[in-house]
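Chemist: Here it is: the structure, laid out below.
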Amino acid sequence: MTSIRSLALLCVFSVSFTASADDRPNVILFIADDVSWNDFGCYGNDAARTPNIDSLASGGMRFTDFYLTASSCSPSRCSIITGRYPHNNGEASELHRPLPEYLVKFPKLLKEAGYYTALSGKNHMPQNGVDDSEVWSTKTGGKTKNMSGGEADWVELTENRPKDQPFFFWFAAYDAHRNWDADVQWKPDLYGSKHDPTDVVVPPYLADTPDTRQDLASYYNEITRFDWFIGQVRDELQRQGALDNTLLMVMADNGRPFPRAKTRVHDSGMKSAFVSHWPNGITQPGSSCDSLVSAIDICPTVLDLAGVEIPEQVQGVSFDQLFANPDDDLRKYAFSEHNWHDYEAHGRSVRREDGWLYIRNARPQYAWQGPADSVRSPSHQDLRKKRDAGELSKAQADVFLAPRPEEEFYRPEDATQTDNLVDRFRQGDGDSAAEGILTELREAMDAWQYATGDTIPKNYSQDYYDRETGGRKQPTGKVPYGRGDIYGDPAGAEREATRINKAGPK
């Protein structure tokens, strides 16, 4: 989908990139690591301090219905940078595994079109047979001895960039990934006081205990550090006079590293905050956009705005028109998936534009307890204690539920997504309108899986960690597993999904 404005840009930039370079927008994508959508102040969390992100939202646009394609670090990032669904990225649909060499990371196209491109912080997007120098003009780890959050050189890169080129920066923090290094690297003169555990917001699926509250407070500290560096980059752009023509986008790669968030296909794992700030392009500062948007739409949007041709591999759609018209509709459906991330898995979900959610699970025999670092956390262990004492609420018990339903279906108003309507319908307790929506979403899921080549592997990647403790599993002889011993075939392999560019329903 290409807007009239984008077509005009394309015509201009196809004539001469250099002559019009200053007219093309600069873009910075800020990616937090493991932060849920409702843990920024501008999304309703008054306890987590994010004054700079909140300021960007008040002067820009806050997207309220933005979803990831994977709630898992490297699969999510690879999906964003290729504009493709995870299973269409082959092995990269599973944690730590590489993209095929014939898929293009979109900053490479920007670099070829005259943009200065830089990655600082977390990369986590391996690719076979491609030198990253083809993608990035500059690539750094973003860390120093006493600052391991990934943001250490963001301001320096912004300050020292070539001033005769438009730029694209992929600024990817390690905040807020466990373990909580911000606690020991805290600088109160920069970030203020640490968060008070008594003030945090405890989600309904966690236990309200002192250890869990401290766990959340430490997580909030990492979010505030991430926010502070965003403010420093914004201020540097303002000093340069470059802020007005720079599109800033703030998001996360997946949900918080706590039970029932990261690796879940429910909203607690897949929904992300998405704040955009662009004085030259956002016509209604301080607005909210309720249009359904997917993370795979970032790639075509940035290419569209830069006047760069969108390659056939891209399955997302450009949302550039939403900056001028936030009330426009973009999508009817957004699809997400979960594949191997520490544990064997195959989950799929589709969200409708009005908030209905349908989930399909090909591994219902296993709990969706979260990744290993979450399982090892104080928050998960507090839930285990409540479970063993028979004190779990329904939302908390869902962390351990096994077997799980093969299908789940939730109303938009079901905030915790614990009232599975499929169970009700099977018991004869349902309404015809809701059952009609269930039929529609089942058909949409079927059409999407068929069009994109999604399959259920017979040779699954196996559990690498213990599901109860999060400790690494030991085979006979107490020799630790090597990951090569547990990897199987990725979803879509038997249909060569990496060669399929069809996107299915949108």
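Chemist: If you rank His124, His346 by how much accessible surface each has, with a 1.4 Å probe, what is the order from largest down?
Modeler: Descending order: His124, His346.
Chemist: Consider a paramagnetic label point 7 Å from the Cα of Thr64 along Cα→Cβ; state which residues of the range 274-293 have an amide N under 15 Å from it.
Modeler: Taking a point 7 Å out along Cα→Cβ of Thr64, the residues of the range 274-293 whose backbone N falls under 15 Å are 274-275, 286-293.
Chemist: Here's a follow-up. For the range 226-372, compute the orientation-averaged projected area of the C-alpha convex hull (one quarter of its surface), in nm². All intermediate terms of the calculation are to be shown ahead of the outcome.
Modeler: On the way: hull surface 42.9 nm².
Spelled out: convex hull of the Cα atoms, projected over all directions, averaged, 10.7 nm².
Chemist: Residue-wise, which Karplus ³J(HN,Hα) couplings in Hz belong to the range 110-118, taking 6.51 cos²θ - 1.76 cosθ + 1.60, θ = phi - 60°, and x for glycine or proline?
Modeler: Ordered by residue, 3J(HN,Hα) equals 5, 4, 5, 8, x, 7, 8, 10, 9 Hz.
Chemist: What do the square roots of 5 times the Cα gyration tensor eigenvalues come to for the range 382-506, in whole Å, largest first, as semi-axes of the equivalent ellipsoid?
Modeler: After diagonalising the Cα gyration tensor, the semi-axes are 32, 28, 10 Å.
Chemist: Sticking with this one: Given axes a ≥ b ≥ c from the Cα gyration tensor, I'd like to know whether the range 157-304 is rounded (a/c under 1.5), prolate (a/b larger than b/c) or oblate.
Modeler: Note, shape of the range 157-304 comes out oblate.
Chemist: Test of the criteria: in the range 403-463, which GluC sites (Glu not before Pro) are in a DSSP loop and have at most 11 other Cβ atoms within 10 angstrom of their Cβ?
Modeler: Values: sites: Glu406, Glu407, Glu408, Glu413, Glu435, Glu440, Glu443; in loops: Glu406, Glu413.
Answer in residue order: Glu413.
Chemist: Moving on to the next point. Suppose only helical runs count, i.e. DSSP H with n ≥ 4. What mean residue ellipticity at 222 nm does that imply for the chain under -39500 (n - 2.57) per run, divided by all residues and rounded to the nearest 500 deg cm²/dmol?
Modeler: -8000 deg cm²/dmol
Chemist: Over the chain, what percent of the accessible surface lies on carbon and sulfur atoms, probe 1.4 Å? Each step should come with its number before you reach the end.
Modeler: Details: 8780 of 18560 Å².
Within the chain, the accessible surface is 47 percent carbon and sulfur.
Chemist: Hey, another quick one. Could you tell me what percent of the DSSP beta bridges with both partners in the chain are antiparallel, to the nearest 5?
Modeler: 50
Chemist: Cα atoms only, the chain: Rg and Dmax in Å?
Modeler: Radius of gyration, then largest Cα-Cα span, for the chain: 21.9, 70 Å.
Chemist: Right, here's the next one. Output wanted: per-residue J couplings in Hz (rounded whole) for the range 245-257, from phi through Karplus 6.51 cos²θ - 1.76 cosθ + 1.60, θ = phi - 60°, x for Gly and Pro.
Modeler: These are the phi-based 3J(HN,Hα) values: 9, 10, 7, 9, 10, 10, 7, 9, 7, 5, x, 4, x Hz.
Chemist: Taking the Cα centre of the chain as origin, sum charge times position over the Cβ atoms of Lys and Arg (+1) and Asp and Glu (-1), and report the length of that vector in debye to the nearest 20.
Modeler: 940
Chemist: Listed here are the pairs Lys385/Lys458; Lys262/Lys473; Lys187/Lys271; Lys105/Lys458; Lys458/Lys506; which of them are more than 24 Å apart at the Cα?
Modeler: Result: Lys385/Lys458; Lys187/Lys271; Lys105/Lys458; Lys458/Lys506 exceed 24 Å.
The values are calculated or read from the model by the stated rules, or taken from the named source; none is laboratory data. The structure presented is a predicted model; accordingly, all values stated were derived computationally and were not measured. Heads up, the Cβs are rebuilt from the backbone with ideal geometry, glycines too, and the neighbour counts pull from every protein chain shown. When the accessible area is computed, the model is the full protein with side chains, heavy atoms only, and any ligands, DNA or RNA have been set aside. Shrake-Rupley method; radii C 1.70, N 1.55, O 1.52, S 1.80 Å.
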